[in-house]
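J.: Got a structure here, written out as structure tokens. Questions coming.
The values are calculated or read from the model by the stated rules, or taken from the named source; none is laboratory data. This is a predicted model, so every value here is computed, not measured. Reconstructed Cβ throughout: ideal geometry from the backbone, glycine too, with neighbour counts over all protein chains shown. Calculation scope for accessible area: heavy atoms of the full protein, side chains included, ligands and nucleic acids excluded. Shrake-Rupley method; radii C 1.70, N 1.55, O 1.52, S 1.80 Å.
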Amino acid sequence: MSDVTPDQEMRDTATEGQNRREALGLALGFGTLASLAAAAPAKAQVATDSTFERVRSSKVVRIAVLPGELPYFQKNLSTGEWSGFAIEMAKDIAKTLDAKLEFTESTYGNSVLELQSGKIDIAFALSATPQRALVIDFTRPVFNHPFGAILRKGLDLKTWGEINNPDLRLAVDAGSANETAARRFAPKAQIKTLKTRDEVMLEIASGRADGTVIALILGLTAVAKNPNLGTYRILDKPKLAIASCMGIRRETDQRWHDFLSTWVDYNRGIGQMREWFQSGLQLSGVSPDALPVDLDI
């Protein structure tokens, strides 16, 4: 685990803390805190009916689908058919349950509300943040979405300590989780903030920056579009990652949670999850060979 927030300066106020938490969700494509705030009044309501029982009796699994959110979702405008990492997961879940899929077009933020209202049964590709955990539940992680860096050709840096260098010029999109990570773990670098991620990539392509701190999916996709940017690498020491999970409605009956979590563990264990992930990235032009070997999925 969409995607850019307005410019903001580091300041020691409560507003800054809220903005940065919201930026973390936006940078990885996980929705906004505003959506969660709208959902907050319902947080105390724990559903007493059972999603597991409803799915088993109706033979229908209802999921949120997000147009254009690769590698998870892609809609063929000619045929109306959906593809992507999340769609492959959903198809296999439905097959296991001898059920069919029902789609609701949505956004990351709205999918949280739709879970609460009982409109959908699964919201894919959500980060398990404390804010979201106030209003919905999560399965065990589908994968841990790591942070790394795009670095210009010739720079073979592997750790946060190595990019924490006063001679290194980093460009980041203002207010994003990428900026937060760069300022926390590479404060000695020359960090330049720009309004959008497109401006960041132009800064690197023009040679005015040596690279950028960026989350895995965004980084791999950017390099696939423009190989001249350099190489994407997951940075180590420490490894930074946020769990990407399936979101589900909070309810008393835990069988839906337990079934989906077992399904996740099984498909990760046999390597199927990684294959689906690679296929989804290929829709963005990312070669399977570009996927870091050390990616835990």
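J.: Compute the semi-axes of the equivalent ellipsoid of the stretch 202-297, taking the square root of 5 times each eigenvalue of the Cα gyration tensor, and list them largest first in whole Å.
T.: Semi-axis lengths for the stretch 202-297 are 33, 15, 12 Å.
J.: Continuing with this model, one more query. How big, on average over all directions, is the shadow cast by the Cα convex hull of the stretch 39-180, in nm²?
T.: 12.3
J.: How much accessible area does ASP98 have with a 1.4 Å probe, in Å² rounded to the nearest 10?
T.: 110
J.: Residues in the stretch 138-179, backbone N under 20 Å from the label point at ASP198 (7 Å along the Cα-to-beta-carbon vector): list them, ranges by number please.
T.: Taking a point 7 Å out along Cα→Cβ of ASP198, the residues of the stretch 138-179 whose backbone N falls under 20 Å are 171-179.
J.: Check ILE191: other-chain or 5+ apart residues with amide H under 5 Å from its amide H, H built from backbone geometry?
T.: For ILE191, whose amide H was placed from the backbone, the distant partners under 5 Å are LEU170.
J.: Can you give me the solvent accessible area of GLU179 with a 1.4 Å probe, rounded to the nearest 10 Å²?
T.: Approximately 0 Å² of GLU179 is accessible to the 1.4 Å probe.
J.: Counting heavy atoms of the protein chains only and a 1.4 Å probe, report the per residue accessible area for the stretch 186-297 as a whole number of Å².
T.: Averaged over the residues of the stretch 186-297, the accessible area is 46 Å².
J.: Residues of the stretch 50-112: accessible area per residue at 1.4 Å, in Å²?
T.: 47
J.: Checking a compactness column here: for the stretch 152-204, what do you get for Rg(Cα) / (2.2 N^0.38 Å), N being the number of residues?
T.: 1.07
J.: May I pose another question? Considering only protein heavy atoms and a probe of 1.4 Å, how much of the accessible area of the stretch 238-297 is carbon and sulfur, as a whole percent?
T.: Of the solvent-accessible surface of the stretch 238-297, carbon and sulfur hold 51 percent.
J.: Taking the Cα atoms of the stretch 124-249, report the difference between the largest and smallest coordinate on each principal axis, in whole Å and largest first.
T.: For the stretch 124-249, the Cα extents along the three principal axes come out at 47, 29, 25 Å.
J.: I've got another one for you. Between their Cα atoms, which of LYS153/LYS239; LYS153/LYS188; LYS75/LYS153; LYS153/LYS192 are more than 28 Å away from each other?
T.: LYS75/LYS153
J.: Continuing with this model, one more query. With r as the distance between the Cβ atoms of ASP258 and THR79 and R0 = 25 Å, compute the FRET efficiency 1/(1 + (r/R0)^6) and round to 0.05.
T.: 0.10
J.: Over the stretch 101-221, with every protein chain in place, what whole percent of the accessible area is carbon and sulfur at 1.4 Å, could you tell me?
T.: Its accessible area is 50 percent carbon and sulfur atoms.
J.: Any idea of LYS100's accessible area? Nearest 10 Å², probe 1.4 Å.
T.: That residue has around 130 Å² of solvent-accessible surface.
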